[in-house]
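Remarks on the structure that follows.
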Amino acid sequence: MSEFLVELKDVWRTYNQGVEPVHALQGVSLKIKESEYVAIMGTSGSGKSTLMNLLGCLDRPSQGQYLLDGTDISTRSEDELAEIRNKSVGFVFQQFNLLPSMSALDNVMLPLVYAGMGKEQRTMRAEQALKDLGLGNRIHHKPSELSGGQQQRVAIARSIVNRPRILLADEPTGALDSHTAKEIMSLFTKLTEEGITVILVTHDPETAACARRIVKVRDGRILEDLIIGKVQ
Amino acid sequence: MSNRLRSLLTVLGIVIGIASVITLLGIGKGAQLEAEKQVQSLGTNLIFIRPGSQSSSSISFGQGTIQTLTYEDALAVKKNCPAVLNIAPQYSSQLQVQYGEKNTLTTINATEPSYTTIRNFNPAQGRFFNDSESREEARVCVLGDTVAADLFGFSDPLKKKILIRGELFDVIGVMEHKGANSAVDMDDQIFIPLSTGYSALFGLSQVTGRTVKSILVEAKPQEDDLAQFQITNLLRFRHHITAPGEDDFTLRTQSDIMQAAQSITGVFSLLLGTTAGISLVVGGIGIMNIMLVSVTERTREIGVRKAIGAKYSQILSQFVIEATVMSLSGGIVGIILGIVCSNALSSFANWKAVVSLDSIFLSFFVSLGIGLFFGIYPARTAAKLDPIVALRSD
Ligand SMILES: Nc1ncnc2c1ncn2[C@@H]1O[C@H](COP(=O)(O)OP(=O)(O)OP(=O)(O)O)[C@@H](O)[C@H]1O
Ligand SMILES: [Mg+2]
């Protein structure tokens, strides 16, 4: 297959909702290899979330090409994108976005439900994922009964339970204190060591410093692309 | 949770609608069975002639107070109306009856042997009196099931003698069990020959005038209408009633009786049917409304589910199932309520409501259908949501 897991080729994304069209992305080209650890930085409104949505196959480019693991996303149907998201992508949100009426275990099992996995197997997988993240004694708790850091760890468990190729985190530490944020960041480092590609959006330079590569965005364009540590 | 209360209130429309459907079908079925039973118990092609006009024939004057119909009328009907197959004149009265120590007040029904065939009502034990006994004013009687039990308990009444208003009668038969028929308990009677009744009990003779309380007429097959026409003309002629005058007798047929029963059920059906229809539609719209509210409230959840990999069909079925579970649970409660209601109503009506398995299945599938029909639009709204927009909502 392709040398790169993620390959954006001159991607534009234009929103046509308002009076004037908003060009949130204006010719972005980006290549990311397997198990890289990338931080995307930029001012508010610079297009970071738009970029993440594209990378996560929640959205399609208005122009240009997006190849995920060699396959072109822009020609896929909604349901095919849903399947790709289910199999290859994990999302972690700033607001955690756990379903409040479900237990931690049920939240983590949800992607496996949509993948059509049998009950016994998915329970085992979800329990294991929660144990790996140190939540073995919290699996039957509701999100409202967990701390912020615990909720985010449940969300991470949910995002990786399907063993995705790529993990996308938009401001994952935005709602957490600095100590908990560090824990989450080291968790991501561990995941990249296990072969998952992690791409995260952050404002915080300290958080970004955990990554091995920093992509700076402004006005829908890539301003800088820095490699900090050695990528292997 | 307030959500649960909200769903409960929404489902009330379905509950009432389905309960109405069950009650409606239960009462309707019960009425139909009752009508069939009555037709069977009456015998076929039956016409009742009663003294008194149409307007006065009911409650205000008891059957005994008007004495416009005579035994001679009955004979004339039999003789002169070609469409009439058979007749049985009747004179009845409540009298004291005695056997040994036992005493009871019962209806003495003086009639003729033709009664058994016309009413399709036969002795279970012994025999009915015959024509010669009828002619000879024989002191014989046939007991109704209830009277026999009252007077004799478990012992055999045949060949025993009982006292009717002090007169001795031989018991020659016991009638089969018939059960209550509208107002009259058919088993609480004693049958005696009409001629015997006139001379021995009622003190009526050809001179004083032998009145009857009713004449049962069996018309020839397919000739009920003709028979009615002939009887009416004959009696008008005999009673000297001309065009503007009111008849002093009343004819009633089985179909009249059945129509009366059916018109009552008709009103019921219309009322309940309308209630059912309106509540089901209102209930359905309620479910649609609450589902739309729920989709709006849970937009973010839908976004999350889509981000995680839920396909269109998976979101669609989630919401359709939620709507269907709601309407089905309403339906099930409605079915239970309907069974309770139709049992309660049948204690007021003359017949028993019959809740059939068919009507339960029907209600089940109707409520299922309502959930599907009214749930599909909100579910589609949810499934079509753009995940990005949904995730940004708050
Ligand atoms: N659904 C949308 N419809 C219209 N315009 C949008 C939409 N989403 C984003 N935009 C616009 O696109 C531009 C980029 O938005 P985006 O959310 O990607 O920024 P961001 O870098 O994530 O900002 P922040 O740091 O505040 O989250 C902004 O000008 C925004 O107003
Ligand atoms: Mg953003």
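Here are a few things to note about the model shown:
- Accessible-area composition of chain A, carbon plus sulfur, in percent [1.4 Å probe]: 48 percent
- The smallest convex shape that holds all Cα atoms of the stretch A:152-227, its convex hull, gives 98 Å³ per residue.
- Per-residue mean of foreign Cβ neighbours for A:82-90 is 4 (Cβ atoms of other chains, 10 Å radius).
- Measuring with a 1.4 angstrom probe and ignoring ligands and nucleic acids, A:CYS210 comes out at about 60 Å² accessible.
- Cross-link partners for A:LYS31 among the aspartates and glutamates, with Cα-Cα distance under 13 Å and sequence neighbours closer than 8 places in the same chain left out: A:GLU3, A:GLU7, A:ASP10, A:ASP69, A:ASP225.
- Lys/Arg +1, Asp/Glu -1 at C-beta; chain B dipole; positive extreme among B:LEU362, B:GLN98, B:LEU270: B:LEU362
- The Cα-based radius of gyration and maximum Cα-Cα distance (Dmax) for chain B are 32.3, 106 Å.
- Hull volume per residue, based on the alpha-carbon atoms of the stretch A:122-181 and their convex hull, is 88 Å³.
- Bridgeable lysines around B:LYS160 (alpha carbons under 22 Å apart, same-chain partners fewer than 8 residues away excluded): B:LYS102.
- For the segment B:210-218, counting C-beta atoms of other chains within 10 Å of every residue's C-beta and taking the mean gives 0.
- Simple label model, 7 Å out from Cα along Cβ direction - B:ILE241 to A:SER144, nm: 8.0 nm
- What you get for the stretch A:6-227, charging only the Cβ of Lys and Arg (+1) and of Asp and Glu (-1), is a dipole of about 280 debye around the Cα centre.
- Kirkwood-based Rg to Rh ratio, the protein assembly as shown, C-alpha trace: 1.38
- Out-of-range pairs (alpha-carbon distance over 30 Å; input B:LYS159/B:LYS352; B:LYS37/B:LYS159; B:LYS78/B:LYS161; A:LYS182/A:LYS216; B:LYS79/B:LYS213): B:LYS159/B:LYS352; B:LYS37/B:LYS159; B:LYS78/B:LYS161
- Here the protein assembly as shown is assigned +1 on the Cβ of each Lys and Arg and -1 on the Cβ of each Asp and Glu. Its dipole about the Cα centre then comes out at about 1260 debye.
- Once A binds B, the 1.4 Å probe can no longer reach about 1700 Å² of accessible area, counting both sides.
- Per-pair calculated FRET efficiency, R0 = 22 Å: B:PHE364 and B:VAL293 via Cβ, rounded to 0.05: 0.25
- Shielding of peptide A:54-63 by partners, expressed as the average count of other chain Cβ atoms within 10 Å per residue Cβ, is 2.
- Report note on the peptides B:244-250, B:330-336, B:315-321: ranked by the mean count of other C-beta atoms within 10 Å, highest first, their order is B:330-336, B:315-321, B:244-250.
- Sorting the segments B:208-220, A:152-164 by their mean number of nearby beta carbons within 10 angstrom, highest to lowest, gives A:152-164, B:208-220.
- Think of each Lys and Arg Cβ as +1 and each Asp and Glu Cβ as -1; about the Cα centre, that makes the dipole of chain B roughly 1560 debye.
- The largest accessible area among B:PHE348, B:PHE229, B:PHE154 belongs to the first residue in B:PHE154, B:PHE348, B:PHE229, and the rest follow in falling order (1.4 Å probe, all chains).
- Peptides B:199-207, A:109-117 ranked from most to least packed give A:109-117, B:199-207, packing being the mean of other C-beta atoms within 10 angstrom over each peptide's residues.
- Three principal axis lengths of the stretch B:284-394 [C-alpha, angstrom, descending]: 65, 23, 17
- Pairwise Cα distances in the stretch B:69-247 exceed 30 Å for 22 percent of all pairs.
- Figure note: A:TRP12, B:TRP351 ranked by solvent-accessible area, largest first, 1.4 Å probe, ligands and nucleic acids not counted: A:TRP12, B:TRP351.
- Globularity index of the stretch A:6-227, i.e. its alpha-carbon radius of gyration over 2.2 N^0.38 Å: 1.01
- The stretch B:292-344: proportion of alpha-carbon pairs further apart than 17 angstrom, %: 53 percent
- Relative contact order of the stretch A:115-226, defined on C-alpha pairs under 8 angstrom at six or more residues apart (%): 19 percent
- Paramagnetic reach from B:SER93 in the stretch B:149-167 [backbone N under 20 Å; point 7 Å along Cα→Cβ]: B:162-167
- Here the relative contact order of the stretch B:69-247, from alpha carbon pairs under 8 Å that lie six or more residues apart, stands at 32 percent.
The values are calculated or read from the model by the stated rules, or taken from the named source; none is laboratory data. The structure displayed is predicted, hence computed values, not measured ones. Here Cβ is always computed from backbone atoms with ideal geometry, including for glycine, and neighbour counts include all displayed protein chains. The area values use the complete protein model at the heavy-atom level, side chains included, leaving out ligands, DNA and RNA. Shrake-Rupley method; radii C 1.70, N 1.55, O 1.52, S 1.80 Å.
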